[in-house]
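Notes for the one structure printed next.
The values are calculated or read from the model by the stated rules, or taken from the named source; none is laboratory data. Not measured: the values here are computed from a predicted model. Reconstructed Cβ throughout: ideal geometry from the backbone, glycine too, with neighbour counts over all protein chains shown. The area values use the complete protein model at the heavy-atom level, side chains included, leaving out ligands, DNA and RNA. Shrake-Rupley method; radii C 1.70, N 1.55, O 1.52, S 1.80 Å.
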Amino acid sequence: MPGPSRRCGVRLWLAVLIGAQGYQVRVVGDGDAGLRLAVQEPVDAFILDIGLPGMDGYEPARRLRATPGGHAAKLMLRHSCHRQK
């Protein structure tokens, strides 16, 4: 099972890869932070982890769709292979 440092590594690797294509990237560590970001500034796309404990990626996706402008954002859900104990 990957530990927190592996999950952070994947998150940062995706940010670097997407940023290298000329996109501005914001990285947050959980669904609540992503929702706060969506309220503060317009976001074109989200990559959400469906496998995290607590608020999985599905719940922020539902809430993001309900925010002003959120229906226009692209959503990509991924699974980090994280398993709850």
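Could you sort Tyr58, Tyr23 by their accessible area in this structure, using a 1.4 Å probe and putting the largest first? Each step should come with its number before you reach the end.
Working: Tyr58 100, Tyr23 150 Å².
Heavy-atom accessible area, descending, gives Tyr23, Tyr58.
Sort Leu12, Leu64, Leu35 by accessible area with a 1.4 Å probe, largest first. Please report the intermediate quantities before stating the final value.
On the way: Leu12 100, Leu64 5, Leu35 25 Å².
Descending order: Leu12, Leu35, Leu64.
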* To do: Taking amide H positions as placed in the peptide plane 1.01 Å from N, state which residues far from Phe46 in sequence (5 or more) or on other chains have amide H under 5 Å from it.
  => Lys74, Leu75, Met76
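What translational D, rounded to a whole number of µm²/s, comes out for segment 13-85 from Stokes-Einstein when the hydrodynamic radius is the Kirkwood one over Cα pairs, at 25 °C and 0.890 mPa s? Before the final figure, lay out the partial values.
On the way: Rh = 12.8 Å.
Once the numbers are plugged in, D ends up at 192 µm²/s.
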* Asked: At a Förster radius of 30 Å, what calculated FRET efficiency corresponds to the Cβ-Cβ distance of Ala73 and Ala20, to the nearest 0.05?
  -> 0.90
